[in-house]
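A.B. asks: Shown below is the structure under consideration.
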Amino acid sequence: MPLYSTGSTQAWYSPKQALCIALTFAIVDLLVNIFGLAWNGKFFTFDNLQHWFDFSHYTFTNNPIDFLAVAILRICILLGGAAGVYCNPKGGAEACATLSNV
């Protein structure tokens, strides 16, 4: 696999490729969560989504809407990292390496 050259260092992906890959994973993650919430028993309808957003009868152990909240948090972290790589392709890895505990 050829490496993308950024001056004196090399990276596995170009910044544009990293952003596209992150966007693809974010869209797939969100769609899987929405389709999972839309599937309720025997029927697959988007009306089932309204059922899960009824917060007057919300219980943590019975309501799977928390999976969507965690997915949105995961997407924000993923896209934030991709935007950081896209905006700072040359110095990002070196800056992260100085903050590493390992």
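Laboratory data are not the source of any read-out in this text; all were calculated from the coordinates shown. What you see is a predicted model, and the numbers here were worked out from it, not measured in a lab. Don't worry about glycine lacking a Cβ; one is built from the backbone with ideal geometry, like all the others, and counts go over all protein chains shown.
A.B. asks: Calculate the dipole size of segment 18-102 relative to its Cα centre from +1 charges on Lys and Arg beta carbons and -1 charges on Asp and Glu beta carbons; express the result in debye to the nearest 20.
C.D. replies: 160 debye
A.B. asks: For the residue pair Trp39 and Lys90, what label-to-label distance in nm results when each label sits 7 Å from Cα along the Cα-to-beta-carbon direction?
C.D. replies: Distance between the two pseudo-spin positions: 4.8 nm.
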